[in-house]
Structures are given as structure tokens and as C-alpha cells.
1. Looking only at segment 27-52, which residues are small (Gly, Ala, Ser) and open to solvent by 30 Å² or more (accessible area, probe 1.4 Å)?
2. Cβ contacts < 9 Å: first residue closer than 14 Å to Trp183 by Cα, restricted to segment 4-20; second residue modelled with pLDDT of 85 or more, any location; separation 6+ or different chain. Result?
3. Would you call Thr64 under 30 Å from Gly191 (Cα atoms), loosely packed, with under 14 Cβ neighbours inside 10 Å and modelled with pLDDT of 85 or more?
4. I'd like to verify a number: residues in segment 68-85 that are open to solvent by less than 70 Å² (accessible area, probe 1.4 Å) and part of a helix (DSSP H, G or I), how many?
5. Residue under question is Val88, and the condition is that it be more than 22 Å from Ala53 (Cα to Cα), of a type in the set (A, V, I, L, M, F, W, C) and buried (at least 18 other Cβ atoms within 10 Å of the Cβ); does it hold?
6. Kindly establish whether Thr173 is over 30 Å from Ala69 (Cα atoms), assigned to a helix (DSSP H, G or I), open to solvent by 30 Å² or more (accessible area, probe 1.4 Å) and among the hydroxyl-bearing types (Ser, Thr, Tyr).
Amino acid sequence: MDVLTDNFALYGEGFLGTLRLTLYSSLLALVVGVVMAGLRVAPVAALRWIGTAWVTVLRNTPLTLLFFAMLLGLPRFGVALPFELFAVLALGCYTSAFICEAVRSGITTVPVGQGEAARSLGMTFGQTLGTVVLPQAFRTVIPPVGSTLIALAKNSAIAGSFSVVELLSTYKTLNENGYSVIWAFVWIAVGYLLLTLAISAVFNLLEKRWGVAR
């Protein structure tokens with residue numbers, strides 16, 4: 001317990017850093033993922049190509065490589081942002097590809113007749129998607145989206161290797177101060193466990209409230 005009690009402020013700072021990364025990256029991933037899912041099913045071929053390219057590139061790019069591209073590559077082009085914001089962009093964009101595919105799979109579960117009925121009433125593609133299709137698809141994508149965001153929370157540990165303050169990065173200071181590395185990692189693991197359990201609890205509540213009855 002000495003590792004935790006003697007360094008509670010350090011762990012707290014790291015936990016809050018991980019919490020910020022997870023929250024902001026999740027919001028970015030959800031927004032971009034839903035937009036890309038819309039492009040993937042759009043009636044315009046060029047839009048479908050954009051959505052497909054986004055998903056294909058990001059799903060097949062290692063997250064660590066994306067971090068290098070964001071944190072080390074963008075500044076070479078004059079893009080100067082705090083490292084934490086670069087980390088949010090990397091995590092959010094990477095996860096958005098998986099959110100996109102989860103949402104797209106939910107869209108395909110909505111009967112085709114729903115969209116045809118909306119179009120027969122004169123609704124545009126955007127109106128049909130936003131008011132008819134996505135609300136129904138939302139019910140089926142709650143579990144996979146929750147699992148994806150839990151993975152995002154764990155992936156945020158990579159940011160610690162790029163000078164971003166988060167939970168895993170605390171082990172460096174603890175190791176330098178002579179504390180047991182094993183116990184340092186045990187309490188780090190507890191922090192991630194608490195975060196992922198909280199996300200899981202939120203999505204369990206959403207699934208009970210709006211999920212498809214089985």
C-alpha cells in the first residue's frame with residue numbers, strides 16, 4: 001500500500017490524464033465514426049470512397065505508428081499543438097474507424113423499407129439517416145460501441161510513451177524513486193480496471209434502457 005499512499009497525488013494526476021484522454025478521444029471517435037458510417041452508406045460513390053478509405057487506412061495502421069505520425073510528423077508541417085491534443089487526435093481518429101464499422105453494421109439491420117418509406121415522403125438522405133435509420137441502428141450498436149470505447153481507454157496507455165501525462169506514465173517516476181515496479185504496475189492496473197468497469201457499467205445501463213430485447 002505504501003506505493004499508493006506515498007504517491008496518491010501522482011496516481012491521481014495520471015488517472016485524471018487517462019480520464020481526459022478517454023473522454024475527449026471517445027467524443028471525437030463517436031462523432032467522426034458516425035459521420036464516416038453515413039458516408040459509407042451514402043448514395044454518392046465519391047462519399048462512399050472517402051468513408052471506405054478512412055476505415056481501410058486507419059484499421060490497418062498500427063496505433064503506435066499513428067501516434068508517431070501525429071506527435072512527430074504534424075509539427076514538421078507547422079502544426080503546433082499540445083502533446084495531449086495530438087494524443088486525442090490519434091486515439092480518436094484510430095477508434096473512429098472501428099466505431100464507423102459498428103454503426104454501419106447497425107444501419108444494415110434496419111429494414112430497407114424504412115428508408116424507402118422516408119424517401120417516398122420527400123425526405124433527403126441526411127434526413128432519412130438522421131431521423132429514421134440511425135435512431136433504430138443505435139439500439140443494436142450499443143454493445144460493440146461500448147467494447148470499442150473500453151479498448152480506447154486501454155489504448156490510451158500508449159500516450160505515456162510520448163510525454164503525455166496519463167496513468168501508465170507514472171511508473172517512470174515511481175521507478176526512479178526506488179519503489180517496487182511490480183506494485184507500481186499493480187496499482188496502475190487497478191486504475192485502468194476502475195475506468196473500464198465504469199465504461200462497461202454505463203453501456204450496460206444504456207443496453208438495458210434502449211438495447212434490442214433478446
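The values are calculated or read from the model by the stated rules, or taken from the named source; none is laboratory data. Note that the coordinates shown come from a computational prediction; the quantities given were computed from them, not determined experimentally. Cβ atoms come from the backbone with ideal geometry, glycine included; neighbour counts cover every protein chain shown. For accessibility, only protein heavy atoms count, side chains too; no ligands or nucleic acids. Shrake-Rupley method; radii C 1.70, N 1.55, O 1.52, S 1.80 Å.
1. Ala45, Ala46
2. Close Cβ pairs (under 9 Å, with a partner that is modelled with pLDDT of 85 or more) amount to Leu4/Val190; Tyr11/Gly191.
3. For Thr64, the condition - under 30 Å from Gly191 (Cα atoms), loosely packed, with under 14 Cβ neighbours inside 10 Å and modelled with pLDDT of 85 or more - is met.
4. Residues meeting the conditions: 7.
5. No; evaluated as a whole, the condition is false for this residue.
6. In short, no.
One line per residue, one yes/no per condition, for (1) of a type in the set (A, V, I, L, M); (2) in a helix (DSSP H, G or I); (3) open to solvent by 60 Å² or more (accessible area, probe 1.4 Å):
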site	(1), (2), (3)
Ser96	no, yes, no
Cys100	no, yes, no
Ala117	yes, yes, no
Leu129	yes, yes, no
Val132	yes, yes, no
Pro135	no, yes, yes
Pro143	no, yes, no
Ile150	yes, yes, no
Asn155	no, yes, no
